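Taking it in order: structure first as structure tokens, then the write-up.
Since every read-out is calculated from the coordinates, none of them should be taken as a lab result. For clarity, every value in this text was computed on a predicted model and none was experimentally measured. Using ideal geometry, Cβ is built from the backbone for each residue, glycine included, and neighbour counts are taken over all protein chains shown.
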Amino acid sequence: MISALLAVSLLQQNSAIVPVNRTDAGWTARHEEMVKLAKSGEKFELVLIGDSITHGWGGRPQPNAQWKGVAPDHFDELFGPYKPLNLGISGDRTQHVLWRLDNGELEGVNPKVCMIMIGTNNVSSNTPAEVFEGISKIVDKVHEKAPKSKVLIIGILPRDFEITENRKKNDAVNEMIEKKSWPAYVTYQNVNKGFLDSEGKMSASVMPDALHPNAAGYKIWGDAIKPTLAKLFSE
């Protein structure tokens, strides 16, 4: 009876909040580079946390070199003054980020601001409420590892050229984030309007694959958050 109840409990558990690592070589190598930089003693004032969309900003780490990313000039202009560390890995879900944060990626790093944008890879297997819980756990974990840092949550970017179910799920997550009474160290910003027309359709001119921004898309995101970052760093 007890084992049966345990099995039901495990089935009902929200996978988005259970830390888990990936085993693919590229993921492992990037994670190890992140931990190496975190423990290096370098001063990183801004940490970017997320999946491929964050990874696409570029910067460090990359094996043996700095990856220029999708919009290198805008990256340098926007983030350069803040000495950024990019903790984005393509394909990650909230549970993978939780594992990474538990395994050294913020060890020794005391940034002024941590910017989080994660969740779009969860929508195929988790409900909006579950994804929201995963994001909330990441915010808590960041605060645990870097208690003096401010947290900037970026709403999950729109996906798909039309208004699909996955787009609606992301919007539902964002609505939950916006409505939550966060601690004073948390700021939320939704930058999605810049990617959509008046009918809610997305243009290939900013997201050619309907998921990842190109240089124009990153500029939309960057221009939207530039005043926010300036404010957070001046406080």
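Loop only per DSSP, at most 13 neighbouring Cβ atoms within 10 Å: give me the GluC sites (Glu not before Pro) in the stretch 167-220, ordered by residue number.
Answer in residue order: E199.
Rounded to two decimal places and with Rh computed the Kirkwood way over Cα pairs, what is Rg over Rh for the chain?
Over the Cα atoms of the chain, Rg/Rh equals 0.96.
State the extension gain, in nm to one decimal, for the chain segment bounded by A230 and D160, taking 0.36 nm per residue of separation less the distance between their alpha-carbons.
Details: separation 70, 0.36 × 70 = 25.20 nm, distance 3.10 nm.
My answer for the length gained is 22.1 nm.
Just how large is the dipole of the stretch 2-234 about the Cα centre, in debye to the nearest 20, putting +1 at every Lys and Arg Cβ and -1 at every Asp and Glu Cβ?
540 debye
With 10 Å bins from zero, work out the P(r) of the stretch 164-227 over every alpha carbon pair and list the percent per bin.
19, 46, 30, 6
Mean Kyte-Doolittle hydropathy of 1.0 or higher plus an axial Cα length of 18 Å or more: which whole DSSP H helices in the chain meet both?
Helix filter hits for the chain: none.
Take the alpha carbon atoms of the stretch 95-156, find their radius of gyration, then divide it by 2.2 N^0.38 Å using N residues; give the quotient. List each step's numbers first, then the result.
On the way: Rg = 11.7 Å, N = 62, 2.2 N^0.38 = 10.6 Å.
So the Cα radius of gyration is 1.11 times the expected 2.2 N^0.38 Å.
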